[in-house]
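The structure appears below as structure tokens.
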Amino acid sequence: MLKQHLQFKLSQKLSPQQIQLMKLIQLPTQAFEQRLKQELEENPALETGKEESETLQDEYDDLYDQEADNDNETINTEDINIDDYLSDDEIPEYRTKANNYSSDDEEKSIPYAAGISFNQHLINQLNTVYLSDEEWTIAEFLVGSIDESGYIRRPLTDIMDDLAFTQNVYTDEKSISKILAIVQDLDPPGVGARSLEECLIIQLERKELTPSIELATAILKKSFEHFTKKHYQKLIQKHNITEDELKDAIGEIEKLNPKPGGSYSGNNRIVEHVVPDFAIRIVEGELELTLNGRNAPELHVSREYSNMLKGYKEAKEKSKSQKDTVMFIKQKLDAAKWFIDAIRQRQQTLFITMNAIMNYQEEYFLTGDERNLRPMILKDIADEIGMDVSTISRVANSKYVDTPYGTKLIKEYFSESMKNEQGEDVSTKEIKKILETVIQKEVKRKPLTDDKLATILKEKGYPIARRTVAKYREQLGIPVARMRKEI
């Protein structure tokens with residue numbers, strides 16, 4: 001039996017322009033500048049600043065040279081409102097609202113770390129060591145196996161096999177170990193180690209021998225597990241030492257670098273360079289928000305392109321080749337006008353969103369006290385300014401704000417809420433701050449367990465379960481009580 005029925009489906013599709021606008025909103029300042037540069041390179045009808053392009057005229061002349069080839073066919077131009085493209089106003093409206101933007105003249109280039117690579121730094125040191133051709137090949141291969149932290153994570157048997165297959169060097173583990181000792185003698189101390197234990201021991205053996213260094217080395221070699229688990233009483237008994245002697249030895253170990261590769265600055269990686277997208281200042285007791293001026297470039301539609309359209313409009317006869325030309329120009333001008341308008345919408349969206357966040361968290365921005373952060377989720381701001389939650393997310397997840405208390409990612413100001421004993425909504429950030437403060441003030445010889453932390457928070461008016469305390473502690477990057485123990 002056949003059944004016939006009607007089904008209505010409501011769907012909403014974003015236009016390509018809306019999708020592009022969403023992508024623009026998501027871009028932080030530096031990425032936006034790269035996107036702007038790309039658009040300027042791809043669309044000659046879009047210009048920046050007040051300089052006129054010297055190369056456009058030749059392109060236009062080439063287009064008009066095609067007039068001789070046309071068949072004098074007249075065309076209908078009623079579908080193109082040319083006057084829309086002939087505005088004399090070169091500066092977009094959003095640039096006139098200067099109070100929304102800061103005069104930010106920061107360096108626009110992304111800084112790089114100077115110097116040679118970490119790998120080359122090690123190779124240069126090997127050049128000072130006498131090695132046979134085969135030993136050099138092994139040493140170079142070992143250096144190439146060192147990761148960013150300065151470790152060789154692969155077993156020597158695997159390295160031995162790779163040397164045979166890729167370098168045609170047939171050797172044994174003993175020979176590789178001999179060359180590895182040479183690599184481990186390079187700087188920085190600890191490089192080429194195969195484990196944390198070996199890395200720390202290598203560094204200790206480079207130091208001047210003292211009773212504390214000797215004891216520290218013995219602890220790492222004979223009692224590494226007890227050390228990592230902070231079983232201090234077992235260490236005291238096993239090594240027959242006093243608590244002060246153990247404390248001095250552990251102090252020497254704590255001075256060592258667990259990641260020797262990370263301490264080398266000449267690895268040619270891009271240095272993270274955060275450019276604040278907003279700035280908040282306190283002026284006479286009031287909050288003042290500015291948007292980084294680099295987000296509001298001076299853009300205008302090319303006058304040369306506009307003049308070409310003007311010439312076409314005034315021409316008495318319009319050929320087919322001229323029609324093709326004017327359609328090309330119209331396409332480029334449409335793209336330029338849309339991009340300028342998209343930038344205007346981007347600036348408005350960014351400013352309105354951040355302004356709402358600033359006002360919502362006014363007490364925090366006036367004091368800098370994280371306990372004054374109100375519970376705030378994306379929907380709170382979306383409802384406040386009548387925008388979609390996804391738009392707020394795009395702003396919050398990728399933008400930074402410079403405040404009197406440091407530069408922070410905007411999403412850090414968002415948090416869930418919970419009820420205190422008085423039934424008031426409090427931010428989970430406030431609870432985490434109190435939890436962090438309690439742990440900082442604990443007696444390190446006897447750190448507080450999660451159960452005890454939960455009890456203390458309850459006494460302060462925040463009734464949360466032990467598992468919630470554990471979750472917050474882990475989010476703060478704080479280890480369990482046993483690992484916080486000190487002597």
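The values are calculated or read from the model by the stated rules, or taken from the named source; none is laboratory data. What you see is a predicted model, and the numbers here were worked out from it, not measured in a lab. Because the Cβ atoms are built from the backbone with ideal geometry, glycine has one as well, and the counts that use them run over all protein chains shown. For the accessible areas, the whole protein counts, side chains as well, though only heavy atoms, and no ligand, DNA or RNA atoms are used. Shrake-Rupley method; radii C 1.70, N 1.55, O 1.52, S 1.80 Å.
For the stretch 19-36, indicate whether the set of residues that are within 18 Å of S390 (Cβ to Cβ) and modelled with pLDDT under 80 is non-empty. Yes, the stretch 19-36 has at least one match. Looking at the stretch 172-285, the helices (runs of 4 or more DSSP H) lying wholly inside it that each contain 2 or more residues that are loosely packed, with under 15 Cβ neighbours inside 10 Å and basic (K, R) sit at 173-183, 211-222, 232-239.
Taking the stated definitions as given, is L299 of a type outside the set (S, T, Y), at pLDDT below 85, open to solvent by less than 50 Å² (accessible area, probe 1.4 Å) and within 30 Å of N397 (Cβ to Cβ)? Criteria met by L299. Inside the stretch 436-471, residues that are over 35 Å from the mean Cα position of the chain (by Cα), farther than 22 Å from E243 by Cα and not aliphatic (A, V, I, L, M) make up a count of 8.
Within the stretch 472-482, if we keep just the residues that are open to solvent by 60 Å² or more (accessible area, probe 1.4 Å) and touching a residue at least 24 places away in the same chain (Cβ under 8 Å), the residue that is farthest from D244 (Cα to Cα) turns out to be Q475. Criterion first (closer than 19 Å to G262 by Cα and either part of a loop (DSSP other than H, G, I, E, B) or within 39 Å of the chain's Cα centre (by Cα) (or both)) does V143 satisfy it? Considered against the rule, which asks whether it is closer than 19 Å to G262 by Cα and either part of a loop (DSSP other than H, G, I, E, B) or within 39 Å of the chain's Cα centre (by Cα) (or both), V143 comes out as yes.
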